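Only one structure is covered here, and it is reproduced in the block below.
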Amino acid sequence: MPQPKPSPALDAMALAFDEAKAAALRGEVPVGAVVMRDGTVLASAGNRTLELRDPTAHAEMLALRLACEATGSERLIGCDLYVTLEPCPMCAAAISFARIRRLYFGAGDPKGGAVENGVRLYESPTCHHAPEIYGGLRESEAATLLRDFFRDRR
Ligand SMILES: [Zn+2]
């Protein structure tokens, strides 16, 4: 029996979830992000806003910075970003500036998202690069991770 081919998309999402869970263990909001190119992981990160005392240290921002360092370019042409939660306005803008090709995310975020919710940044006429968008990957797991985190902190 031939084995089913592993899906690079699902593997990348699994790594993003590992980063999210690691963030939760550090007391950070559990969000993880991965930047891939040609099936290779360029960067992965989880939220570190508390640790770095930096409100911009969202998982996506850190993963983008690391990927730019790795590639030596501020434009991540042909790269895809995987994140466990719908990006906020800041991260959605950074993803656009970085020229990310495809954006994959887990749960939608009605309260803080900027892709399918809120400002819907990529539909704005002032947005000069919109990635292809694939939402809802392992959505229930992503939502549960966040819900459990916030429940435990109450
Ligand atoms: Zn963000």
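The values are calculated or read from the model by the stated rules, or taken from the named source; none is laboratory data. Keep in mind the model is a prediction, meaning the values are calculated, not measured. Methodologically, a virtual Cβ is constructed for each residue, glycine included, from the backbone with ideal geometry; neighbour enumeration extends over all protein chains shown. The accessibility values were calculated without ligands, DNA or RNA, using every heavy atom of the protein model including side chains. Shrake-Rupley method; radii C 1.70, N 1.55, O 1.52, S 1.80 Å.
Observations on the model:
- Net charge, Leu121 excluded, C-beta distance under 14 Å - Lys, Arg +1, Asp, Glu -1: -4
- Förster radius 30 Å - calculated FRET efficiency between Glu123 and Ala143, Cβ distance, rounded to 0.05: 0.80
- Computed over the stretch 45-139, the Cα gyration tensor eigenvalues convert (square root of 5λ each) into semi-axes of 18, 17, 13 Å, ordered from largest to smallest.
- Cβ crowding within 10 Å averaged over residues, with 66-73, 11-18 ranked highest first: 11-18, 66-73
- Taking all protein chains together and a 1.4 Å probe, the residues Arg147, Arg120 rank Arg147, Arg120 from largest to smallest accessible area.
- Amide H contacts under 5 Å for Thr84, placed H, 5+ residues apart: Gly32, Gly106
- Seen from Glu139, the other residues with C-beta closer than 14 Å to its C-beta sum to a net charge of -2, counting Lys and Arg as +1 and Asp and Glu as -1.
- Accessible surface of Glu86 - all protein chains present, 1.4 Å probe, nearest 10 Å²: 0
- Carbon + sulfur, % of accessible area of the chain - ligands and nucleic acids excluded, 1.4 Å: 55
- Per residue value of the accessible surface for the stretch 106-154 (all protein chains in place, 1.4 Å probe), Å²: 67
- The largest accessible area among Lys111, Lys21 belongs to the first residue in Lys111, Lys21, and the rest follow in falling order (1.4 Å probe, all chains).
- Solvent-accessible surface of protein heavy atoms, probed at 1.4 angstrom with all chains present, puts Val41, Val83 in the order Val41, Val83, largest first.
- Rounded to the nearest whole Hz, the Karplus-based 3J(HN,Hα) values (6.51 cos²θ - 1.76 cosθ + 1.60, θ = phi - 60°) of the stretch 104-117 follow the sequence 10, 9, x, 7, x, 10, x, 8, x, x, 9, 9, 9, 10, with x at glycine and proline.
- Net +/- balance of residues flanking Ile95 in space, Cβ distance below 15 Å, scoring K and R +1, D and E -1: -1
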